[in-house]
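Take a look at the structure set out below.
The values are calculated or read from the model by the stated rules, or taken from the named source; none is laboratory data. It should be emphasised that the depicted structure is a prediction, and the values quoted were computed from it without experimental measurement. Heads up, the Cβs are rebuilt from the backbone with ideal geometry, glycines too, and the neighbour counts pull from every protein chain shown.
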Amino acid sequence: MSDCIFCRIVSGEIPAQVVRRTEDAVAFRDLNPQAPTHVLVVPATHYGAARDAVGADGERTLGRLLAFAAEIATELGLDAGGYRIVTNTGRDGGQSVGHLHLHLLGGRALGWPPG
């Protein structure tokens, strides 16, 4: 989608501080971090939100995205202290970009409930 900022980051049209890239996903630093480590993990295929990743392809994407986020957490040294992986869906869920993405947060104690 040409008007989607995350699609434009995936394509390389908009620069980002990329942590890791695969054929299926891109992980990059959030511009407004909410923790010492705050990485966004986005699929290369555009899905508006988690609820849109349906069928076999959507389920594969969700599984790969979660596994990719966990790999990034390990690479960034977050395993010992722990981390959080979050996805927001819709306005009330706090989603601000209409492209499925995971927030990988760590590097400090994270409170509960989150919001």
Query raised in the report: What number of residues within the range 37-65 satisfy the criterion of being closer than 25 Å to residue 111 by Cα and in contact with a strand residue (DSSP E or B) (Cβ under 7 Å, 6 or more places away or on another chain)?
Result: 7
Query - Conditions (1) part of a loop (DSSP other than H, G, I, E, B); (2) surrounded by 12 or more Cβ atoms within 10 Å (Cβ to Cβ): number failed by residue 13 - result: (2)
Query raised in the report: Can you name the residue in the range 68-92 that is exposed (fewer than 13 other Cβ atoms within 10 Å of the Cβ) and at pLDDT below 95 and is also nearest to the chain's Cα centre (by Cα) among such residues?
Result: 90
Report task. Determine the pairs where a residue that is free of Cβ contacts under 8 Å to residues at least 40 places away in the same chain, located within the range 40-69, has a partner that is in a helix (DSSP H, G or I) and buried (at least 18 other Cβ atoms within 10 Å of the Cβ) with Cβ atoms under 8 Å apart, the partner being 6 or more residues away or on another chain. Result -> 44/10; 45/61; 62/50
**Report entry** So residue 80, is it without any contact (Cβ under 8 Å) to a residue 24 or more places away in the chain, small (Gly, Ala, Ser) and assigned to a helix (DSSP H, G or I)
**Finding:** no
Query raised in the report: What number of residues within the range 18-48 satisfy the criterion of being among the charged types (D, E, K, R), under 20 Å from residue 96 (Cα atoms) and part of a loop (DSSP other than H, G, I, E, B)?
Result: 1
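Can you name the residue in the range 93-104 that is more than 18 Å from residue 64 (Cα to Cα) and touching a residue at least 60 places away in the same chain (Cβ under 8 Å) and is also surrounded by the fewest Cβ atoms within 10 Å (Cβ to Cβ) among such residues? Outline the logic, then answer.
Pass one, the range 93-104, residues more than 18 Å from residue 64 (Cα to Cα): 93-98.
Cutting the leftovers down to touching a residue at least 60 places away in the same chain (Cβ under 8 Å) gives us 97-98.
On the way: 97: 15, 98: 17.
Restricting to residues being more than 18 Å from residue 64 (Cα to Cα) and touching a residue at least 60 places away in the same chain (Cβ under 8 Å), the top hit is 97.
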Report task. Just give me the residues in the range 99-115 being at pLDDT 95 or above, assigned to a loop (DSSP other than H, G, I, E, B) and of a type outside the set (A, V, I, L, M), in sequence order. Result -> 99, 101, 107, 108
Query raised in the report: Only one of (1) of a type in the set (D, E, K, R); (2) assigned to a loop (DSSP other than H, G, I, E, B); (3) closer than 24 Å to residue 3 by Cβ fails for residue 51. Which number is that?
Result: (2)
